[in-house]
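Below is one structure, written out as structure tokens, with a few remarks after it.
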Amino acid sequence: MKFGILVNEGPYTHEASDTAYQFTKAALEKGHEIVRVFFYHDGVNNGTRLTTPPQDERNIVKRWGELADQHKLDMVVCVAAAQRRGIVDTDEAKRHGKDADNIAPGFHISGLGQLIDAGIKADRLVVFGD
Amino acid sequence: MTDEMMEEGGAPGGVVKKFLYVNRKAPYGTIYALESLEVVLISAAFEQDVSLAFLDDGVYQIVKGQDTKSVGVKNFSPTYRALEGYDVEKLYVEKESLEARGLTEEDLIVPVQVISTEEIADLMESHDVILSF
């Protein structure tokens, strides 16, 4: 089956990102296809490489990046939600005159159209959030 | 609403799916309602078949006379009235949620269909993509 994944909550505060990760990993292991993982609302905070949790804790951002690398996952951070919360890539940083970018490896910034597109292409769009 | 709406549009691959947006949260206090509305507008730009359902505190999103001056955030309720211009005309409100809050259809800023919890379940069953915010 083709799944689209929507993550609406940030890491650590809320379990949604953990559950989405476990679901995505399990689906891939069972041979399903993940059309896209889309990060929206505070979910965009899953995509900052500046995240530095204590060493004995899971690194949620890095874990997503590794999964993306292993399975060539398309992980998209919503541009509008990211701008509000200070998640920027090189282009966005330049465009808005910021002195740095912070997008994590494996993630890229794009429009909400990518969420709709995932809804259209996937057999099931699974939403993780409140 | 945003630049990306101007850049994108048209149904990808000519595929039109039935999208249902389930709005369950109060309009202010969290950003869910506002950002949900942004997705609604994008899916309309993608020429999808869009419906909205308002449940629980989500019914407050379309209540008349919203005044946000004292909390210093934008009153985005007029946008619901603009949805018609995007061909988003199927708005459903759960009867039980309205009644529990002492509201009636007359308290709402847009024309809606008031339906029961059971009918909401049927509505969800009849949609391809359900986004709950």
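The distance separating the Cα centre of the stretch B:56-86 from that of the stretch A:79-99 comes to 27 Å.
Across chain B, the relative contact order, built from alpha-carbon pairs under 8 Å that are at least six residues apart, equals 32 percent. The loop-placed trypsin sites (Lys or Arg not before Pro) in the stretch A:83-130, going by DSSP, that have at most 16 neighbouring Cβ atoms within 10 Å of their Cβ come out as A:Lys98. For the stretch B:42-119, the fraction of 1.4 Å probe accessible surface lying on carbon and sulfur atoms is 46 percent.
Normalised radius of gyration (Cα atoms, divided by 2.2 N^0.38 Å) for the stretch A:64-130: 1.23.
Give me the percent of DSSP beta bridges within chain A that run antiparallel, rounded to the nearest 5. Within chain A, antiparallel bridges account for around 5 percent of the total.
Subtracting the Cα-Cα distance from 0.36 nm times the residue separation, let me have the gained length for B:Ser116 to B:Lys74 in nm, one decimal.
12.0 nm
Scanning residues 5 or more positions from A:Ile109 or on other chains, those with amide H under 5 Å from its amide H are A:Val77, with H placed 1.01 Å from N in the peptide plane. For the protein assembly as shown, the solvent-accessible area with a 1.4 angstrom probe is 48 square angstrom per residue. Ellipsoid semi-axes for the stretch A:6-128, based on the Cα gyration tensor and the rule √(5λ), read 22, 18, 12 Å when sorted largest first.
Computed over chain A with a Gaussian network model linking Cα atoms closer than 10 Å, the most mobile of A:His41, A:His32, A:His108 is A:His32. Loop-located GluC sites (Glu not before Pro) across the stretch A:26-116 with a Cβ neighbour count of 15 or fewer within 10 Å are A:Glu57, with loop assigned by DSSP.
Note on chain A: GNM, Cα springs under 10 Å; of A:Pro53, A:Pro11, A:Pro105, the largest mean-square fluctuation is that of A:Pro53. Remark: the A:Arg124-A:Ala93 segment gains 7.8 nm on full extension, using 0.36 nm per residue and subtracting the alpha carbon distance. Annotation: the antiparallel percentage among DSSP beta bridges lying fully within the protein assembly as shown is about 5. The sum of -39500 (n - 2.57) across all DSSP H runs of n ≥ 4, divided by the residue count of chain B, sets its helix-only mean residue ellipticity at 222 nm to -8000 deg cm²/dmol.
Go ahead and set up a Gaussian network model of chain A, Cα springs under 10 Å, then flag whichever of A:Thr48, A:Thr13, A:Thr24 fluctuates most. In the Gaussian network model the winner is A:Thr13.
Of all the stretches in chain B, which is the longest one without any exposed loop site, taking trypsin sites (Lys or Arg not before Pro) in a DSSP loop (any state but H, G, I, E, B) with at most 15 other Cβ atoms within 10 Å? Before the final figure, lay out the partial values.
Working: sites that count: B:Lys64, B:Lys74, B:Arg101.
My reading of the result: B:1-63 is the longest stretch.
Candidates A:Leu50, A:Phe128, A:Ile34 compared by Cα position along the dipole of the stretch A:2-128: farthest toward the positive end lies A:Ile34, with charges placed on Cβ.
Just the Cα atoms of the stretch B:16-132, one point each, no solvent: what log10 I(q)/I(0) does Debye give at q = 0.14, 0.19 Å⁻¹? So the normalised log intensities are -0.54, -1.01. Restricting attention to the stretch B:16-132, close to 5% of DSSP beta bridges with both partner residues there are antiparallel. Note on A:Lys25 and A:Asn59: their simple-model spin labels are 1.5 nm apart, each label 7 Å out from Cα toward Cβ.
Counting lysine pairs in chain B whose alpha carbons fall under 26 angstrom apart, excluding pairs fewer than 8 residues apart on the same chain, gives 13. The stretch between B:Asp56 and B:Asp87, if pulled fully straight at 0.36 nm per residue, gains 8.7 nm over its current Cα-Cα span. At a probe radius of 1.4 Å, figure out the A/B buried accessible area, summed over both chains, and give it in Å² to the nearest 100. Roughly 1900 Å² of accessible surface disappears when A and B pair.
Each label was represented as a point 7 Å from its Cα along the Cα-to-Cβ direction; for B:Gln66 and B:Ser126 these points are 2.7 nm apart. Using Cβ point charges alone (K and R +1, D and E -1), the dipole size of the protein assembly as shown about the Cα centre works out to roughly 660 debye. Entry note, chain A: the mean residue ellipticity at 222 nm calculated from DSSP H runs of n ≥ 4, each adding -39500 (n - 2.57), is -10500 deg cm²/dmol after division by the residues and rounding to the nearest 500. So which aspartates and glutamates can A:Lys121 reach, going by Cα to Cα under 16 Å and dropping same-chain residues fewer than 8 places off? List returned: A:Glu33, A:Asp74, B:Glu47, B:Asp49, B:Asp128.
The values are calculated or read from the model by the stated rules, or taken from the named source; none is laboratory data. This one's a predicted model, so the numbers in the text were calculated from it and none came from an experiment. Positions of Cβ are generated from backbone atoms using ideal geometry, with glycine treated the same way; all protein chains shown enter the neighbour counts. Accessible surface areas use protein heavy atoms only, side chains included; no ligands, DNA or RNA. Shrake-Rupley method; radii C 1.70, N 1.55, O 1.52, S 1.80 Å.
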